[in-house]
Each structure stands twice: as C-alpha cells, then as structure tokens.
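Take a look at the structure below.
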Amino acid sequence: MDRRWALEHPANPTVLRVHVDQQLTDRTIVTGPPAEIARPLGGLLELEAVRTVDLHRYHARVNLVHGADRGVTAGHVGDILRAAWGDPTDDGAESDPRAFEIDYSGPRVVAESAEMAAGRDLLARLFTVVGVREAILGDRLALVRIGRLFTWAAVEPAVTAALRST
C-alpha cells in the first residue's frame, strides 16, 4: 500500500518520528507494547534498538532504547517503511497553527484526538476533518494544527466548514 510518509529526527536523540498522511488511530495515543500495532509500524518493534512505538493521529513516535545508534536505526526504519509504503516524501516543515474566530466562550479546551474531543461538539467536528491533529478552543478562538504532511490549502476549507456547521 502506498502511503505518503516522512521520517523526522527530532531534537530528542532517543526518538524518531514517522509522519503519515492517513490516520493511524482515533485515540489520543496507542503504545505498543502492550498494544498490538499493525505492520509495518508494529514490525519496528522487532528492531533491537526500538523500545516502544506510540501511535498518534498522523504520526508515530519511535522510542529507542538507551544507547541506541539513532542514525543506524533510522536507516533500518526507513528500509522497513520503504518496502511497505514506497519512497518517503519530502516533508518540508511543519505548518504553523491557524486561528479561527468562533462563537465559543468558556474554559480553554485542548484535544489531540477524537477521543479527547468527545462530548464537545465543536472539537468533535474538527476531528472529522482529514489532516487536523490538534485543536484548542478558547474565548472566541479556535487554534488548529494540522499534520506535517498536510497543507493548509487542502485542509482549511473543511476546517472552516466544520467550525460553521451547527
């Protein structure tokens, strides 16, 4: 199955991030082990250098064991994902969040998943939009962040529609 994906080397030397363009989970976080994670991401757990894999909506955090060589491990991770999903994409840079004026007053509420948004209609609607990875509601303002492999040009019309629907 071809899927757009990119491998990131964040500042933390014991972590790799795999960004994807398809939802990995609707929960806030799923960690394997103990959870069963589908291949190819679950297969990363077979690498000696990988301690756990955390699935988020549009990225997986690959947590390395202490002392693991991140560069070598990144090469193995890339090989595994390339075999399953094809070549990685040029991921560019993460987009800044966007602020939208909304008819909301109340406490500040943060959600990173449909699970966290449950019971809050406005947040729940935002998590029906492909590409939304985080939303924060505050007085008269929604701050929305999208996944790294998405563009605002593609996502913003659906975000605007979700915020306006009743």
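The values are calculated or read from the model by the stated rules, or taken from the named source; none is laboratory data. Computed from a predicted model, the values in this text were never measured in an experiment. Please note: Cβ atoms are built from the backbone with ideal geometry, for glycine as well, and neighbour counts cover all protein chains shown. Each accessible area value is taken on the protein alone, full model and side chains, heavy atoms only, with ligands, DNA and RNA left out. Shrake-Rupley method; radii C 1.70, N 1.55, O 1.52, S 1.80 Å.
Quick look at the numbers
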quantity	calculated
Any hit, the stretch 65-72, residues being closer than 30 Å to W152 by Cβ and open to solvent by less than 80 Å² (accessible area, probe 1.4 Å)	no
Top-ranked residue in the stretch 1-19 [being in a strand (DSSP E or B) and within 15 Å of A83 (Cα to Cα); ranked as nearest to the chain's Cα centre (by Cα)]	V18
Yes/no for G92 being touching a strand residue (DSSP E or B) at 6+ places or on another chain (Cβ under 8 Å), open to solvent by less than 50 Å² (accessible area, probe 1.4 Å) and at pLDDT below 95	no
Qualifying residue in the stretch 42-54 (condition: at pLDDT 95 or above, charged (D, E, K, R) and in a helix (DSSP H, G or I))	yes
Subset of the stretch 66-83 that is free of Cβ contacts under 8 Å to residues at least 40 places away in the same chain and not charged (D, E, K, R) - its residue that is farthest from G43 (Cα to Cα)	G67
Members of the stretch 45-98 found to be of a type in the set (S, T, N, Q) and in contact with a Lys or Arg (Cβ under 6 Å, 6 or more places away or on another chain), listed by number	N63, T89
Filtered residues of the stretch 23-35 (kept if in a loop (DSSP other than H, G, I, E, B) and either within 9 Å of the chain's Cα centre (by Cα) or modelled with pLDDT of 95 or more (or both))	Q23, L24, T25, R27, T28, I29, P33, P34, A35
So T14, is it open to solvent by 40 Å² or more (accessible area, probe 1.4 Å), touching a helix residue (DSSP H, G or I) at 6+ places or on another chain (Cβ under 9 Å), over 21 Å from F150 (Cβ atoms) and among the hydroxyl-bearing types (S, T, Y)	yes
Residue within the stretch 84-97 that is closer than 21 Å to G43 by Cβ and hydrophobic (A, V, I, L, M, F, W, C) present	yes
Residue satisfying condition, being within 18 Å of the chain's Cα centre (by Cα) and open to solvent by less than 50 Å² (accessible area, probe 1.4 Å), within set A38, A60, A84	A60
Top-ranked residue in the stretch 108-159 [being of a type in the set (S, T, Y) and closer than 20 Å to R17 by Cα; ranked as most open to solvent (accessible area, probe 1.4 Å)]	T151
